[in-house]
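Everything on this sheet refers to the single structure shown next.
Rule-based calculations on the coordinates, nothing more; no lab input. Predicted model only: the values in this text are computed from it and were never measured. Cβ placement follows ideal geometry from the backbone for every residue including glycine, while neighbour counts extend to all protein chains displayed.
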Amino acid sequence: MEQERAKVTELQENHRALSLQLAESKEQELNRRQELNIASDELENLRKKHAREMTDLEIDIQKKDRIIREANEDLRACRCDLEMERSTIGSLKAVLNQQSNAQLTLSAENRSQQAQISILQAQIDAFSCSNGNLALELETKDRQLEELRTEAMENEAVRRKLHNMVQELKGNIRVFCRVRPVLPSDAQPSTRTDGSSTSSPTSPEHLALVRQELTADMTFPDRRHHKEITLWSSSESATGRGRKESYNFTFDKVFEPESTQAEVFEEIALLAQSVVDGYNVCIFAYGQTGSGKSFTMEGGSTDATKGMIPRAVDQVFRVAEDLRNKGWEYKMEGQFLEIYNETINDLLGKDEFDMKHEIKHDPKTGSTHVTDLNAVPLNSPTQVRTLLLSAQSRRSVAATLMNERSSRSHSVFTLRITGTNAGTGECCQGCLNLVDLAGSERLNVSFGSGFGTGVGGGNDKDRLKETQSINRSLSALGDVIAALGEKGEKNDKHIPYRNSKLTYLLQNSLSGNSKTLMVLNLSPLATHLNESLTSLRFATKVNSTTLGTAKKQSR
Ligand SMILES: Nc1ncnc2c1ncn2[C@@H]1O[C@H](COP(=O)(O)OP(=O)(O)OP(=O)(O)O)[C@@H](O)[C@H]1O
């Protein structure tokens, strides 16, 4: 028992010792656990830190990778550049080689040119000796040229004077004849008399063919002076044989269809110039409707096609300007009227055509005046062109009521010029009348037997009145010219100027106090051959009419 007790005690002692050991172990375990917790916290922190550092490192690595890639790219580009530079250097070296070769050649050439220069210099030295002589010769030639120029100017003045004298001595109405070209509109089927028509009326071949067919047989035999025109007509004799008859006419100038406005004006220029010298000049266009009167007088809108009125005005202004430095001062004014149904209308007026105008002549000065007619001071040729345009539009406004007014009325453009020379005290007045007559085909009776009042056509009352009035005035013109032709030396023949407004207005231009030119316009068409022959006979009579000598209007 004792033993048992001792054993229990020993066991208890062991138990206590073991409990103590256990407690110590537990405490140690607690401590260890705390340490373990701390260590695992630290481990966690270290892990997080490590992860962060790893992320940073990866970003860093990526950056570095990018930098490396870029550096590689740069390197590649640099290599390319280097390659290119190398090839450039290679080609530059080749060029350099070529250039140095060329330089060698140039140097050789340069040396040979230097040698040539030396030779030339020697020649120049030799020439400069004779240069002095040449300069003297040149001076003499210049002097001679100047003398010739002065002589030419003097000759020109003499030529003009002689021209005026010839024109004064000639004393008759001069007549130009102008044939207009065939126009595309002439080839329209409506113009054709045979009533035929073809498939393509506007093709060039067709037009050429139709033109040939339509054109009257006309020739111009005087190739040198251009003064003749011959018309040919074909007819059938009683025996059925074809017969050709020719009609030859001679005028002061004949203009063929190809003639230009400038060529026609060249012949008229000196007449226009005489106006500035103080003469009265009258140019009138005569011919059937559509024969080119308005084209000749007024013309088209371009410089090449402008007609006699604008060209004459330009010329008058040019001459007046030239005479300025000889002390002459000029004043110019323009009037533009039409005679329609024996009534004068002011084409430069502002009102309706209801004003009555009367024609007055001053026997002392030989000047003509139309009452209440607008006289527009003219300062430049451009202003005249504007005036002509406004007159045309005024006429065409009337034409909407009257139908083709221009061929049914006479128009008269008048340019008056007054010149004074303060130095010499001289004064002169000139007057230029440019007349576009109504179509002459309304005259059915030929000149010489006296123009009748045959009616041209149409039942319409206005047309009848127009036709009668045109007939009256054109036949009055024929009568006046016939009477002037018969006047002879005694000067006692009555001239019926008062029989129409037209002849009364142009009295001073027709009575010998004026240089008068008639431009006969002809149609080239075969259908108008008879009308052309009538016009040519009338013009021939006019051409042989002696009016007297034009007088200079000066004080
Ligand atoms: N020399 C020419 N060159 C070119 N075309 C011309 C020529 N002459 C006339 N013409 C043309 O012929 C046509 C008729 O001419 P214009 O009107 O001048 O005739 P006109 O005799 O004045 O007729 P009207 O009596 O009806 O006024 C116009 O189209 C005009 O442009």
Check: Using the reciprocal of the averaged 1/r over all distinct C-alpha pairs, how large is the Kirkwood radius of region 1-105 in Å?
Finding: 22.8 Å
Notebook entry, point to check: Exposure proxy check: Phe265, Phe284 ranked by fewest other beta carbons within 10 Å?
Noted result: Phe265, Phe284
Margin query: Using a Förster radius of 41 Å, what is the FRET efficiency between Leu22 and Lys49 based on their Cβ-Cβ separation? Nearest 0.05, please.
Written below: 0.60
Item checked: Protection proxy ranking of 303-312, 422-431, 384-393 - average other beta-carbon atoms within 10 Å, highest first -> 303-312, 384-393, 422-431
Note to self: Taking the number of other C-beta atoms within 10 Å as the exposure measure, put Val210, Val319 in order starting with the fewest.
What the structure shows: Val319, Val210
Check: Hey, got a sec? Which GluC sites (Glu not before Pro) in region 332-363 land in a DSSP loop and have at most 13 other Cβ atoms within 10 Å?
Finding: Glu352, Glu358
Notebook entry, point to check: Arranged by the count of other C-beta atoms within 10 angstrom, fewest first, what order do Ser118, Ser473, Ser291 take?
Noted result: Ser118, Ser473, Ser291
Checklist line | Pairs beyond 30 Å (Cα-Cα), from Lys227/Lys306; Lys293/Lys364; Lys293/Lys465; Lys141/Lys306; Lys364/Lys493 | finding: Lys293/Lys364; Lys141/Lys306
Item checked: Three-way shape call for region 45-170 based on the alpha-carbon gyration tensor, with the a/c threshold at 1.5 -> oblate
Next item on the list: Give a quick list of GluC sites (Glu not before Pro) in region 221-307 that DSSP marks as loop, anything other than H, G, I, E or B, with at most 12 other Cβ atoms within 10 Å.
Entry: Glu258
Notebook entry, point to check: For region 104-115, in order, what is each residue's ³J(HN,Hα) by Karplus, 6.51 cos²θ - 1.76 cosθ + 1.60 with θ = phi - 60°, in whole Hz (x at glycine and Pro)?
Noted result: 5, 5, 4, 4, 5, 4, 3, 4, 6, 5, 4, 5
Note to self: For Cα pairs less than 8 Å apart in space and 6+ apart in sequence, what is the mean separation divided by the residue count of region 223-317, i.e. the relative contact order in percent?
What the structure shows: 22 percent
